[in-house]
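Below is one structure, written out as structure tokens; the observations come after it.
Nothing in this text is a laboratory measurement; each read-out follows from the coordinates by a stated rule. Everything numeric in this text was worked out from a predicted model, so none of it was measured. All Cβ positions, glycine included, derive from the backbone under ideal geometry; neighbour counts span all protein chains shown.
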Amino acid sequence: MFIRKIGVIVTISFLSSTAIAGQYESLESLTALAKGFTTKNVVLDQGEALEITVPQSELNKTLVTCANAITMDFPEGTNRDHFNAVELSCGSPVAWKILVPVNISILTKVVVAKHNIISHQVINEDDVDISSTDKSHLYSGFFTEKTMVVGQMSNQSISAGMVLTKRNIQQPTLVHRNEVIDLTAKNNSITVMMKGVARSDGGLHDMIKAYNPSSKKMLDAVVIGSGRVEVVS
């Protein structure tokens, strides 16, 4: 009889312990904590947006509910500018620590081709659109405003949806080497126009060398249009 009572006591104690351990942290709360920590620690430039996903399948579903606030931190040895996990830990009633993986995408607005653009086509506003793209997938030299590409020329075929960069577009050549050009020289309120000869190719706003036959001098000039330059004083 005495042995049976002990058996009953032990069984009740075990069931009670199991019931307490059955109160687990929800995947939703763990995900929210990881996302909140990430949001506070990722620096965005103007116009950028943050997108965070947490793979639910990789979260521990049997973490006992923490009696106090869960501690959030960077994993040990992590580069804080490039992290892909958040450390969550609890001290009571059961101590635990996990790494929650986070997939971080920084979305930035870039100029893309609205439709296919053929090589050597001068780009106008109807040829391009603005799209949000993951910054980590971008090459340097992308554009963020339509006005930055309008008037430029494609140097290769560009497919619809492709990001426009300094690699696939360039300023069209408005002045060609040895071409007779219009020289404009300004001095306060006085403007003098004359003919000259370009000594190099140049696109809009490019600096070129131009020869003035009248003065027989070589001048520095800025391209301001097709066959037109302005002398830099």
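A compact table of results
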{"read-out": "Point-charge dipole on Cβ atoms (K/R +1, D/E -1) for region 92-172, about Cα centre, debye to 20", "value": "360 debye"}
{"read-out": "Dipole magnitude of the chain, debye to nearest 20 (Cβ charges: Lys/Arg +1, Asp/Glu -1, about Cα centre)", "value": "320 debye"}
{"read-out": "Environment charge at residue 174 (Cβ cut-off 11 Å; Lys +1, Arg +1, Asp -1, Glu -1)", "value": "-2"}
{"read-out": "Förster radius 22 Å - calculated FRET efficiency between residue 28 and residue 74, Cβ distance, rounded to 0.05", "value": "0.45"}
{"read-out": "Under Karplus coefficients 6.51, -1.76 and 1.60, residue-wise ³J(HN,Hα) of region 161-170 in Hz, glycine/proline x", "value": "x, 6, 6, 7, 9, 5, 7, 10, 9, 8"}
{"read-out": "Acute angle (nearest 10 degrees) that the helix 27-41 long axis makes with the longest principal axis of the chain, alpha-carbon atoms", "value": "40 degrees"}
{"read-out": "Helix 2-21 vs. the chain, principal-axis angle (Cα, 0 to 90°, nearest 10)", "value": "10 degrees"}
{"read-out": "Added length on full extension, which subtracts the Cα-Cα distance from 0.36 nm per residue, residue 48 to residue 129", "value": "27.5 nm"}
{"read-out": "Structure-derived Rg/Rh (Cα atoms, Kirkwood Rh) - corresponding label in [x] 1.38; [y] 1.11; [z] 1.04", "value": "[x]"}
{"read-out": "Extended-chain gain in nm, criterion 0.36 nm per residue less alpha-carbon gap, residue 81 and residue 178", "value": "29.8 nm"}
{"read-out": "Inter-label distance, nm, simple model (7 Å from Cα along the C-beta direction), residue 201/residue 122", "value": "1.7 nm"}
{"read-out": "Förster radius 25 Å - calculated FRET efficiency between residue 150 and residue 228 (Cβ-Cβ, nearest 0.05)", "value": "0.85"}
{"read-out": "Over 23 Å (Cα to Cα) - which of 40/114; 186/217; 195/217; 97/135; 146/195; 166/195 fall in this group", "value": "40/114; 97/135; 146/195; 166/195"}
{"read-out": "Dipole of region 123-233 [Lys/Arg +1, Asp/Glu -1 at C-beta], most positive-end residue of 224, 153, 193", "value": "193"}
